1. How shielded is B:166-175 by partner chains, expressed as the average number of their Cβ atoms within 10 Å of its Cβ atoms?
2. Can you compute the charge dipole magnitude of the range B:157-268 about its Cα centre, using +1 on each Lys and Arg Cβ and -1 on each Asp and Glu Cβ, nothing else charged? Give it in debye, rounded to the nearest 20.
3. In nm, what does the list of distances from A:R38 to its counterparts in the other copies look like, shortest first, when each label sits 7 Å along Cα to Cβ?
4. Quote the charge dipole size of the protein assembly as shown about the Cα centre in Debye, to the nearest 20; the model charges only the Cβ of Lys and Arg (+1) and of Asp and Glu (-1).
5. Measure up A:K145/A:K238; B:K25/B:K145; B:K25/B:K88; A:K135/B:K215; A:K105/A:K145 against 25 Å on the Cα-Cα distance and list the ones that go over.
6. Among A:C235, A:H156, A:T254, whose Cα projects farthest towards the positive end of the dipole of the range A:154-254, with charges put on the beta-carbon of Lys, Arg (+1) and Asp, Glu (-1)?
7. Place a +1 charge on the Cβ of each Lys and Arg in chain B and a -1 charge on the Cβ of each Asp and Glu, then give the dipole magnitude about the Cα centre in debye, rounded to the nearest 20.
8. According to the square roots a ≥ b ≥ c of the eigenvalues of the Cα gyration tensor, what is the shape class of chain A, taking rounded for a/c under 1.5, prolate for a/b larger than b/c otherwise, and oblate for the remainder?
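The values are calculated or read from the model by the stated rules, or taken from the named source; none is laboratory data. Because the structure is predicted, anything quoted here is derived from the model rather than measured. Glycine gets a Cβ as well: all are built from the backbone with ideal geometry, and neighbour counts include every protein chain shown. Remember, those area values only see protein heavy atoms, side chains included, never the ligands or the DNA or RNA. Shrake-Rupley method; radii C 1.70, N 1.55, O 1.52, S 1.80 Å.
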2 protein chains.
Amino acid sequence: TVAKSQMMDPQTKFTDFPHASAPVKELMLDLMNSVETRIGSSLLPCSLPPDVQFYENSTGTAQGTLLVRSGIPSSPVDFILGSWVHCKLPSGEALNITSLSTYMKPLTDAPNFIVEIIQGSPTSLVVILDMPPRKDLVLHPEYLKTFYEDTQLDMHRQLLEKLPEVTPYITPSLYIRALVSPSAILVRIAEGDKTAKIEEIIQDQLRPISNEIMKVWLDTCASGGRPVEKDEMACLAKRDQVTRSKSIEIDLGTSLPRLFGEEVAGRVLQALEGTFNA
Amino acid sequence: TVAKSQMMDPQTKFTDFPHASAPVKELMLDLMNSVETRIGSSLLPCSLPPDVQFYENSTGTAQGTLLVRSGIPSSPVDFILGSWVHCKLPSGEALNITSLSTYMKPLTDAPNFIVEIIQGSPTSLVVILDMPPRKDLVLHPEYLKTFYEDTQLDMHRQLLEKLPEVTPYITPSLYIRALVSPSAILVRIAEGDKTAKIEEIIQDQLRPISNEIMKVWLDTCASGGRPVEKDEMACLAKRDQVTRSKSIEIDLGTSLPRLFGEEVAGRVLQALEGTFNA
């Protein structure tokens, strides 16, 4: 496998975004640049096998990439995870899922970051953009205040949902609904008659908002976060572990086998589980 | 005060609903009847002072009632709480808030029940209908499965949100958003041209749905629930306590002084805090 992958030089990487629309690519590159500028020196290079960094199905109609960069020992960041999946649909259209998420170590209780853009047709897409909490907000109102109220995260959601093209997106998974923060952006952007094009909304509205939320995450979470007591570390580690395993089960664990077949999916999921449980 | 209240005989009670529309009154009486039939014999009579069971402002433009029935020692129900507030608005219209909620003891982890109907104009109202969880659903996926997935609670939300008159209601309070379950019904029902009247929707859609959810609560929570270990009891007690004190702070703690003045509000809130912290 290594020999085959090395022959594919230069190999398609996560940051190439060959199938994303121009505004989605620019949005993602903005975020990757912010991460690189602010915390790049405390993240190790990706050490996943080449056939996990880039993978495709036997007929070449489905392709995916995975990027994992772990934090150095002194970093509060456990790892960042970039992923995209591209799949030609029988209709001639394509499914593109692009995401970037960050995962903290249990030595801080600071929230994670996630952006996911799911485009299944040229006229409609779903966006998930959030700093998912790592503690029970009901039991910890001061955590809610620090990371969500004082940072005014809900303002961005309110602005976006005022656009006529934007409607709340309710994910079928009750677990995912419970996982996100109360200021999470979960929206569907659909093109109507005489309304703005989806690409304009991504460029003019979603891109600045995702940059703002990434800035909040970098300012309040990535650059140290809040240290926690030893007792709490065990709770955080347990909660993180449940979250990660449920997320794989609900998300890629279901979609990858369907899109790539059992063999490719098994290889990618094994690498992912290795990262999540390292 | 006691003398004055005793003179107002018969005193207006929670279950009189003198200001509610007919379908709201019927919906609430259905729920009260179900509670009475199934667990009435394990609930004590209301022992609140008469001037808290019924209260009004000095000019008589605002009235409210409070009903608290505590569970007997062997009951898993801590207490049920009924409340309505009626307030004439300067516009000539009226604000009516009607609610029924239940609170469990920490010897079980079973969810609570809440319904709240907020009508601020004849053409629009807000409904909150839920079994708020008493544990962190992210850390306890099996709890989510037992009380929310296996009971198919989300089906009711989906049915209601298919109606053209119904839109998701997003409460300004991030804490309340975190408090409710992922299958919570939080909707605004607004009358449009040529669409069904609000009263028809309450009668034909909301009333059967609220009866169904109350039935789930009575079947899975009120009639025993799940017993918990001693360690967990302390966690549940702590979480319940935070929830109750934040709920008062956000909800009645803010609205009662505005609607009834400091003196009346102080008396009612003191009784409420006494119930919540007993």
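1. Whole-number average of other-chain Cβ neighbours for B:166-175 is 4.
2. Value, rounded to 20: 240 debye.
3. Between copies, matching label points for A:R38 lie 4.8 nm apart.
4. In debye, rounded to 20, the protein assembly as shown gives about 520.
5. Check vs 25 Å cut-off fails for B:K25/B:K145; A:K135/B:K215.
6. Among A:C235, A:H156, A:T254, the one farthest towards the positive end of the dipole of the range A:154-254 is A:C235.
7. Around 300 debye, computed over chain B.
8. Oblate.
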